[in-house]
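A.B. asks: Before I ask anything, let me first share the structure, which is written out below as structure tokens.
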Amino acid sequence: MRLDGCADDDTWRGPRPMLCRSTLVLNQRQLHSAADDLRTHAHRFEQQAAELDAIAAARVGLAG
Amino acid sequence: MDTGYDPHRLRELSHRTIDAIEGLRSIRSDDPAAAEALRAIRLTRRNLEDLWMPAILQIIRSDAMVSWTEARLDHPMGWWTGGRPLSAAPVPGLLRTPDVCQWTALSALTDDDLIGYVAWADRLPPNAIDLDVLARELALRVAGDPGFADRLIALASTTTLVGNLTGRAAFPATFLAGVVTAMMWPHGPQSTVDLDGYAASLSTALSGLLAEPAACLDLLLDPAVLYGIASWERLDTDIVTEFVLAGLYDAVEADPGRLADGYRVLATLTTIANGPLDHGITPGMAVGVAGSMAGYIPTLALVLGFETTIRSVVTVDGAEIDLGTYDELVGLFGVVLREPTAQAAIGPAMSAYTTQTVTDLGAGVGTLTGVEHVADFADLLVDATRTEGATLMAEAVAEEGRRRRLGGALGFGLSTVAGAFGGGPAVRSVVATAVRVGTEFVADVEPDTMPEGLFGPTTHNLITMTAVSVVVGDARVRRELGMESISPRQLDEMARRLEEIDDETDLDARVTKVRSFERWITAEVPLLDAHLNSIRKMPGMDALKE
């Protein structure tokens, strides 16, 4: 999302561009927040998977 | 507050925004964990589409800060109109930046701007716009808004773009019919319209209706449309042929209740052919009418009146349709049969009618009424070609090779036609085949004439040979006629000779074989000979031999 860089005051200025830009900034924050949530979820899932792998390996070791 | 913009950077911004919209649109996931992220993506995309892009386009369209336009009040039809009527819509600024004409830009336009865009888009350089995208956007709005459709139809006669675009997306038949009607209005002698381009555009709109035979018939009922199709030779001949076949034949085949409308079209065409177009009609119209005759001869042949003052009036479902006097019908078929391909197309229709009539009469063919109607219609065709004959013969010399091929196209087709006569579509396919054959041979040779009187002797022979084939193929008919004594060997011989005649493509050789067969019948099967003699004495048969 590099639109904000192309949409600065050098490109257009006025009330409407300001509204567009601020809405875009809001959207970008929402997207970044959603992306952070997804990363957090992914990180948690990976941790759980690693823990499950470790438990499984320990049980195999005990059985052996 | 300070207000301003940089046109170049703004155009770059519009391109990047379109890329961003497309990129956001392509992101998909079925994972429930991604639901919130997808909602944020959807919000962002809608913001860009609904708020951001319209604002950018609005600024791009405005030329207030970069140029000005001279009023040119003393020349209201200035260079940019090309002599066309001034459009009610203003010239949209978008035209000056065709590079932003992507789907997003079009879908963001108001109806007014889009109409204005269509009015001027054909002034742009080739490939400046994506016509498929434009056509799809227009088709969407036409389907959802009759008012928009009417405005676009009103533009059809001032820009070829509307007709051309009908071939690039699925438009409703009512809209296509409106475009055809609007474009059929003639342009005056002062017009600067590119006539070839206009005809191609109109042909495209006509071709869009081929899958809607009822709509084709509706249009043919409009005298202005009928006259246009019958007279304007720049229209695509193949498309006109298919259009007329669809309206006059397919529509009636699908809904027999529309036969009266078909006759109304023929009545108007008779008037035209005996008036402003007595010098000839377009090849497409001629072939279309000739090919459609398979659906009309059985009822038309019954009402032919040969007296000058008697009018041929056909009654269909209680409606009386006046087709004109015999001479006027001769005039109609005269201009139709001037077209060589039309001559080839009407042959199978005539053969089909003859075969069915003789087959239906069975044993009663020599005594019951029926054959005279076949003879009457064949007479009409003979008179039509004879009337045209003097002019035609003066224009060109008949070519022997082509004459033979034409004879082949007319043909006996005893087995083909008899087998095909189970239903209308089959006959239609026979007609279509003949039209194709006719088109192919016409493409090979210079236009000349059909030998005068070919329809008469051919039909005469067709009647007698069909009668023989009915006797050979139907034991019940032989019993009724008291011909049980015909031996299996004689039946086999007659079947063999009929097949031989059927296979013969050379007209003269076929006539020779028919004569030889008739002599054989006289000598070997006197009962059948007597039967054929009774047929030859039916009203009208003598005239066919002239």
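A.B. asks: Where the centroid of each part is defined by its Cα atoms, how far is segment B:156-182 from segment B:235-312 in Å?
C.D. replies: 26
A.B. asks: Between segment B:192-219 and chain A, how far is it from one alpha carbon centroid to the other, in angstrom?
C.D. replies: 56
A.B. asks: Over segment A:3-63, with every protein chain in place, what whole percent of the accessible area is carbon and sulfur at 1.4 Å, could you tell me?
C.D. replies: Roughly 59 percent, rounded to a whole number.
A.B. asks: Same structure again: Just to be sure I understand: if I project the alpha-carbon convex hull of segment A:3-63 onto a plane and average over all orientations, what area do I get in nm²?
C.D. replies: Directional mean of the projected Cα hull area for segment A:3-63 stands at 4.9 nm².
A.B. asks: Say the dipole of segment A:3-63 comes from +1 at the beta carbon of Lys and Arg and -1 at that of Asp and Glu; which of A:35, A:55, A:22 then lies farthest toward its positive end?
C.D. replies: Going by the Cα projections, it comes out as A:22.
A.B. asks: Given a 1.4 Å probe and no ligands, DNA or RNA in the count, how much accessible surface is buried by A and B, both sides, to the nearest 100 Å²?
C.D. replies: Result for this pair: about 2300 Å² buried.
A.B. asks: Just for the Cα atoms in segment B:241-307, what are the lengths along the principal axes, largest first, rounded to whole Å?
C.D. replies: For segment B:241-307, the Cα extents along the three principal axes come out at 33, 32, 16 Å.
A.B. asks: Other chains' Cβ within 10 Å of A:37-43 residues: what's the mean?
C.D. replies: Shielding by partners across A:37-43 averages 2.
A.B. asks: What is the average number of partner chain Cβ atoms found within 10 Å of a Cβ in A:18-30?
C.D. replies: 4
A.B. asks: Report the charge-dipole magnitude of segment A:3-63 in Debye, nearest 20, computed about the Cα centre from +1 at each Lys and Arg Cβ and -1 at each Asp and Glu Cβ.
C.D. replies: 180
A.B. asks: Under a 5 Å amide H to amide H cut-off, with H placed in plane at 1.01 Å, what residues pair with residue B:312 once short-range neighbours are removed?
C.D. replies: So residue B:312 has HN proximity to B:305, B:323, B:324, B:325, B:326.
A.B. asks: To continue, here is another question. Per residue of B:16-22, what is the mean number of Cβ atoms on other protein chains within 10 angstrom of that residue's Cβ?
C.D. replies: The per-residue average across the peptide is 2.
The values are calculated or read from the model by the stated rules, or taken from the named source; none is laboratory data. Computed from a predicted model, the values in this text were never measured in an experiment. Cβ: placed from backbone, ideal geometry, glycine included. Neighbour counts: every protein chain shown. Surface accessibility is based on the protein's heavy atoms, side chains included, excluding ligands, DNA and RNA. Shrake-Rupley method; radii C 1.70, N 1.55, O 1.52, S 1.80 Å.
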